[in-house]
Amino acid sequence: MTSAIPEIDGETLEKSAIAAIVLAVLSLSTLAHQFLGSSTGLVIARFAFLALCFCIVSRFKLREWLLTLLAVALAVGLVLRNHDMPAILLALDRAAFFGAFIYLVTLLKEAAQRSGSVLELGLYTTRQPRGRRYYGLAVGGHLMGVLLNFGAVSLLTPLIQRGARKASDDPQAVRRAEQQQISALLRGFSWMIMWSPTALTQAVLFTTFPAVDQSTTIALGIGAAIVMILIGRFEDRLRWRNVQLPSVAQTQGLPVQSALRFGVVCALLIGLTFCVFLISGVSAAIALMLVAPMLMVGWIFAQQFNAHGKRVVTSTITTVWNILSHSSISMGRSAFMLGAAGFIGEAAAKLAPVGLVAHSLERVDMPDWLFLMALPVLISLGGQIALSPILIVVFLSAIINALPVLPADPNLIVFALGAGWAMSMTASPNASATLLVSSVTNIPPTTLTWRWNGVYALMCYAVFSVMFIILTGWFPAPAG
């Protein structure tokens, strides 16, 4: 399978090519700094991120303009406060790193969307009988999200709608089927970010809290993901226990060859990332930045080899360039938005009264488990007023990391922040996955979250609260 490349005019193609070159410079300079410690690479990455802003400014929408204005206002605030240029440069470094990370990791999605195996697995996932449908979509969306990230939502959501409309002519029955299946997809996909090496959480949290034991937090994330998916199934059965949902019009057996190919790609992704992690000593998130584009090229090569045989090298180069150039504007916007959110979170933390926060925590003498419970609430509340989870998480991470003594074990702080980030996918109308599904289905974000998944989010929070109480007994807070 190959994904069609949209036709674009010459002027747009020229802008896209320039944006692709800027993104390449941003990525290579960031990798040079992370792997080689190049200070020159760090400076180039800063200028490349600023250049990216100019490349895509003509495509800015309200959200991008608001992020830009807020970033500029915070930079001005830092300048007015003792001319704090080092803080501005640190925030810009965080922005460049986030932009490069999401761009390099998202390249995997471009190869996955051109894979016939991925499409076949997507169709299989959405065509399960009712008893297995929830697990098919939740687990399928969860695992496919490791490689496709938000592309998993883009791939599976239209298939869900197509299947639901084929199964019944009754609009009410179709809407019920869409509600059950889209909710299952969102619930499964959202918990991927708690452990997956391709999730932005790893880049944000593991680089902010260097004392974290990555194996511990990943194990906690996987365990929590399994529990929350099971809770989702419990809520699903409770909600629909007396409702007749339409049956799937067609089922199919597991496409074994496609599953094996997909499994090989996942194994290569994890294996190569682990090897780079061991050899270089960088974090898993940074290792992934090197592995993802290499795996994307290898995957495209395999696809082109099957399609073109002897012309495989030429067709692979052409396809990769088409991917880089034609998708540069959309991927550049994603890189800019996440980078800008990182800048805002880091800069706002520098302006925040950290001393007052530390003094307040000391006076209140808040238990560590209560502090952990507060983090998902703050992230979810921020999402209700159009503050993206990444912005809140970066801000909170920077403030917590600046405290004289951490109020809880760093592994549990990362776990709680990841839990709040994942919960926002089903609780916040402004989360990225929610907005993406809304744009594809024309279902309001408030319906996808508050109406369809509000009860589920509260159930998850209740279970997490119990987890925090138990885990703080095993992982006590650092001594003050």
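With a 1.4 Å probe and every protein chain kept in, tell me what percent of the accessible surface of the chain is carbon plus sulfur.
In the chain, the share of accessible area belonging to carbon and sulfur is 67 percent.
Describe numerically, in nm with one decimal, the distance between label points set 7 Å from Cα along Cα→Cβ at residue 80 and at residue 479.
4.5 nm
Points 7 angstrom from Cα along the Cβ direction at residue 278 and residue 317: gap in nanometres?
3.5 nm
Along the stretch 353-365, what does the Karplus equation 6.51 cos²θ - 1.76 cosθ + 1.60 (θ = phi - 60°) give for ³J(HN,Hα), rounded to whole Hz, x for Gly and Pro?
x, 4, x, 5, 4, 4, 5, 5, 4, 5, 5, 5, 6
Along the stretch 371-385, what does the Karplus equation 6.51 cos²θ - 1.76 cosθ + 1.60 (θ = phi - 60°) give for ³J(HN,Hα), rounded to whole Hz, x for Gly and Pro?
4, 5, 4, 6, 5, x, 5, 4, 5, 5, 5, x, x, 6, 10
Mind ranking 298-306, 15-23 by how tightly packed they are, going by the mean number of other C-beta atoms within 10 angstrom, highest first?
In decreasing order of mean packing, 298-306, 15-23 become 15-23, 298-306.
Over the chain, average the accessible area per residue using a 1.4 Å probe and give it in Å², no decimals.
On the way: 20760 Å² over 480 residues.
On a per-residue basis, the chain sits at 43 Å².
To the nearest 0.05, how large is the calculated FRET efficiency for residue 57 and residue 165 if R₀ is 41 Å and r is the Cβ-Cβ distance?
That gives a FRET efficiency of 0.55.
With every protein chain left in place, what is the accessible area of residue 277 in Å² (1.4 Å probe, nearest 10)?
70 Å²
So, in Å, what gap is there between the alpha-carbon centers of the stretch 340-358 and the stretch 412-480?
Distance between centres, Cα-based: 22 Å.
Across 10 Å bins from 0, what is the distribution of all Cα-Cα pair distances for the chain, in whole percents?
4, 19, 30, 28, 14, 4, 0, 0
Please express the Cα-Cα pair-distance distribution P(r) of the stretch 52-104 as a list of whole percents, one per 10 Å bin, running from 0 to the bin with the greatest distance.
Per 10 Å bin, starting at 0, the Cα pair percentages come out as 22, 46, 30, 3.
Can you give the calculated 222 nm mean residue ellipticity of the chain, where each DSSP H run of n ≥ 4 adds -39,500 (n - 2.57) and the sum is split over every residue, rounded to the nearest 500 deg cm²/dmol?
Result for the chain, helices only: -27000 deg cm²/dmol.
How high is the relative contact order of the stretch 77-158? Use alpha-carbon pairs under 8 Å, at least six apart in sequence, and give a whole percent.
Result for the stretch 77-158 is 26 percent.
I want to make sure I understand the PRE zone here: with the label point 7 angstrom from the Cα of residue 366 toward its beta carbon, which residues in the stretch 444-480 have backbone N atoms less than 18 Å away?
Within reach of a label on residue 366: 461-462, 464-473, 476-480.
Is there a quick way to get the dipole size of the stretch 9-103? I mean about its Cα centre, with the Cβ of Lys and Arg at +1 and of Asp and Glu at -1; what is the value in debye to the nearest 20?
Values: 7 positive and 6 negative charges, 50 e Å.
In debye, rounded to 20, the stretch 9-103 gives about 240.
Taking each pair of distinct Cα atoms in the stretch 329-375 once, what is the resulting Kirkwood hydrodynamic radius in Å?
Details: mean 1/r = 0.0758 Å⁻¹.
Final number for the Kirkwood radius of the stretch 329-375 is 13.2 Å.
The values are calculated or read from the model by the stated rules, or taken from the named source; none is laboratory data. Owing to the predicted nature of the structure, the values given are computational and were not obtained by experimental measurement. With ideal geometry, Cβ positions are generated from the backbone for all residues, glycine too; neighbour counts draw on all protein chains shown. In case anyone asks, the SASA skips ligands and DNA or RNA and just uses the protein heavy atoms, side chains included. Shrake-Rupley method; radii C 1.70, N 1.55, O 1.52, S 1.80 Å.
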